[in-house]
1. Out of all the residues in segment 22-42, which are under 20 Å from the mean Cα position of the chain (by Cα) and surrounded by 17 or more Cβ atoms within 10 Å (Cβ to Cβ)?
2. Look at segment 62-95 and say how many of its residues are touching a Leu at 6+ places or on another chain (Cβ under 8 Å) and among the hydroxyl-bearing types (Ser, Thr, Tyr).
3. Would you pick out the residues in segment 88-110 that are closer than 23 Å to Ser52 by Cα and open to solvent by 30 Å² or more (accessible area, probe 1.4 Å)?
4. What are the residues in segment 43-87 that are of a type outside the set (A, V, I, L, M) and open to solvent by 60 Å² or more (accessible area, probe 1.4 Å), if any?
5. Evaluate the following for Thr121: is it part of a strand (DSSP E or B), polar (S, T, N, Q) and either open to solvent by 70 Å² or more (accessible area, probe 1.4 Å) or under 18 Å from Ile203 (Cα atoms) (or both)?
6. So if I check each of Ser153, Ser172, Ser157, which one is crowded, with 16+ Cβ neighbours inside 10 Å and small (Gly, Ala, Ser)?
7. Answer with yes or no whether Ile70 is under 23 Å from Ile146 (Cβ atoms), of a type in the set (A, V, I, L, M) and in contact (Cβ under 8 Å) with a residue 40 or more places away in the chain.
8. Identify, by number, the condition in (1) at pLDDT below 95; (2) within 30 Å of Thr77 (Cβ to Cβ); (3) part of a strand (DSSP E or B); (4) more than 20 Å from the chain's Cα centre (by Cα) that Ala160 doesn't meet.
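The values are calculated or read from the model by the stated rules, or taken from the named source; none is laboratory data. As the structure is a prediction and not an experimental result, all values here were calculated from the model. Backbone-built Cβ (ideal geometry, glycine too); neighbour counts: all protein chains shown. Note: accessible area is taken over every heavy atom of the protein model, side chains too, but ligands, DNA and RNA are not part of it. Shrake-Rupley method; radii C 1.70, N 1.55, O 1.52, S 1.80 Å.
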Amino acid sequence: MKTLSIVLVLIIYACSSKAQDTIKKWNYSIGITFTGVPVVQISGTDTTFQNSLSVAPAFSIRNHSGIGIIYSPAFVTGGSDGGIYMHKITAGFEQYDKKKFDIVAEYTHFFFTNNTAIPYTPISNEIELGATYKKSVIRPKLYTDIGFGTDKSISSSTTAYDIAIAAGFSHSFDWETGGVNLNATPSLMLNAGTNAYFSFLGISKYISHSNKFNNIVKNYHSKNNRGNGNNQTTSTVTTQQLSINYLELNLETSLESGSFSLRPGGSLFFPTSSGLSVDGYWDLTLTYEF
């Protein structure tokens, strides 16, 4: 929690600095995101999963060059242990206003609260790198996630890691009417990953936000699942191979008016290998920028 306290102090300091600066070098926003997360359901010796509503407020500071930091606690509203299940802190670089490329380079740390409703994950760190080329009608894009952490659920702690890659094309449609800006960006992506663990990696939403994640995850804690690090058993993965799993049809939309923005989004995942089924993901974000 020491790291979390330091980040909160930096947020407060940056906010106080803004009031003294007549030039808007920093942008500040608050928001809230609604989505679904899998939660554990236990009946006797059987463990199943169902999706439950996740609510995540967010506090963001970003300067004009794209460098910023975001703090977001996340709450689950259902399952055996409703309440906060993680604090998420992201720091890095984003640029979406350049002519040629949209660029993302960010590091995220997940502070888990040992909430017993959420499946166990040893992946507590994420590095995301991505770019979209915007000088063509059909925009090629490539994003990658590297997740890592320590698996403490077994007698001897081991290093855990996962890699996810998404590559494809998108096109942006923009409209403006009555002071309201509308945008719709459909994308077609191929998703590949090592998929060794349940995790909250941003690219692997077919894992992090689906109650079907155990159909694809190779190494998950299937017995006595009681949250992060308590009485877990696991299968052993001797090798990790990057494999293409889904063709993703994604749609990101936004409605902006003044300081407010509303951003619904969602994906359909079509399996490229046997044993998997069509899956989906959705989210809704409301943001106010100061």
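1. Looking only at segment 22-42, we keep the residues that are under 20 Å from the mean Cα position of the chain (by Cα), and these are 29-40.
Correct list: Ser29, Gly31, Thr33, Thr35, Gly36, Val37, Pro38, Val39, Val40.
2. Here is the first cut: in segment 62-95, the residues touching a Leu at 6+ places or on another chain (Cβ under 8 Å) are 69, 71, 76-78, 87, 89.
Next, only the ones that are among the hydroxyl-bearing types (Ser, Thr, Tyr) stay: 71, 77.
Final tally of qualifying residues: 2.
3. Residues satisfying the conditions are Lys88, His109.
4. Of the residues in segment 43-87, the ones of a type outside the set (A, V, I, L, M) are 43-52, 54, 57, 59-60, 62-66, 68, 71-73, 75, 77-83, 85, 87.
The answer is Ser43, Gly44, Thr45, Asp46, Thr48, Gln50, Asn51, Phe59, His64, Phe75, Thr77, Ser80.
5. Taking the combined requirement at face value, the residue does not satisfy it.
6. Numbers: Ser172 fails: crowded, with 16+ Cβ neighbours inside 10 Å; Ser157 fails: crowded, with 16+ Cβ neighbours inside 10 Å.
Being crowded, with 16+ Cβ neighbours inside 10 Å and small (Gly, Ala, Ser) holds for just one of Ser153, Ser172, Ser157, which is Ser153.
7. no
8. (4)
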